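Here is the structure we will look at.
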Amino acid sequence: QVQLVESGGGLVQAGDSLRLSCVASGRTLVAAAWFRQAPGKEREFVAGIGITWREGATYYADFLMGRFTISRDNSKNTVNLQMNSLTPEDTAVYYCAAATFSTNIYSLKYENQYDSWGQGTQVTVSS
């Protein structure tokens, strides 16, 4: 298993940008993803990236409309989420997730593909 620590959240205005980071320690990551949970809503998939499985492959939730980019810094074992053109609807706790046991991923968007989760970082976007 792996330990994940997210950072980079904060309070911003609509139209601003934020970069979230997830530092992983422990096992090598097969894949990683970002999920989010807004108040009163269920957790939803945001973006995923293949690491040892389909290296560099990415998948994004349709609602992002191209505003977010997921990436990995291999040298620092860090997964990032660049968020641009933020809106109040993006307000949520953002969680980093990692798959460490599976060698194949059916879909990056499914929560059950991941076995490790970070504590979450709050993103609040004001209008």
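The values are calculated or read from the model by the stated rules, or taken from the named source; none is laboratory data. Every value quoted in this text rests on a predicted model; they were computed, and no experiment measured them. Reconstructed Cβ throughout: ideal geometry from the backbone, glycine too, with neighbour counts over all protein chains shown. The area values use the complete protein model at the heavy-atom level, side chains included, leaving out ligands, DNA and RNA. Shrake-Rupley method; radii C 1.70, N 1.55, O 1.52, S 1.80 Å.
Across segment 82-95, coupling constants 3J(HN,Hα) worked out from phi with the 6.51/-1.76/1.60 Karplus curve, θ = phi - 60°, read 8, 10, 10, 6, 5, 10, x, 5, 7, 4, 4, 8, 9, 10 Hz, and Gly and Pro carry x. P(r) for segment 34-85, from all Cα pairs and a bin width of 10 Å, is 23, 50, 24, 3 %, short bins first.
Between R72 and N80, the built amide H atoms are under 5 Å apart, and every one of these is 5 or more places off in sequence or on another chain. Convex hull volume of the C-alpha atoms in the chain, normalised per residue: 92 Å³. Projecting the Cα atoms of A31, V12, L81 onto the charge dipole of the chain, computed from C-beta unit charges around the Cα centre, puts A31 farthest toward the positive end.
Working note: Karplus 6.51/-1.76/1.60 with θ = phi - 60° gives segment 111-126 the couplings 4, 6, 7, 10, 10, 10, 9, x, 7, x, 9, 7, 10, 10, 10, 8 Hz, where Gly and Pro are set to x. Each peptide among 117-127, 101-111 gets the average number of other Cβ atoms lying within 10 Å of its residues, and from highest to lowest they stand as 117-127, 101-111. Working note: Karplus 6.51/-1.76/1.60 with θ = phi - 60° gives segment 20-34 the couplings 8, 10, 10, 9, 9, 9, x, 5, 5, 7, 7, 7, 9, 7, 10 Hz, where Gly and Pro are set to x. Residues in segment 80-112 near a label at K41, defined as backbone nitrogen under 12 Å from the 7 Å Cα→Cβ point? Answer for segment 80-112: 87-94. For segment 48-95, the solvent-accessible area of protein heavy atoms averages 50 Å² per residue (probe radius 1.4 Å; ligands and nucleic acids excluded). Between the alpha-carbon centers of segment 1-17 and segment 71-115, tell me the distance in whole angstrom. Here the answer is 12 Å between Cα centres.
For segment 1-66, the alpha-carbon coordinates run over 36, 24, 24 Å along the three principal axes, in decreasing order. Net charge of the neighbourhood of T100, taken over other residues with C-beta under 14 Å away and scored Lys/Arg +1, Asp/Glu -1, is 0.
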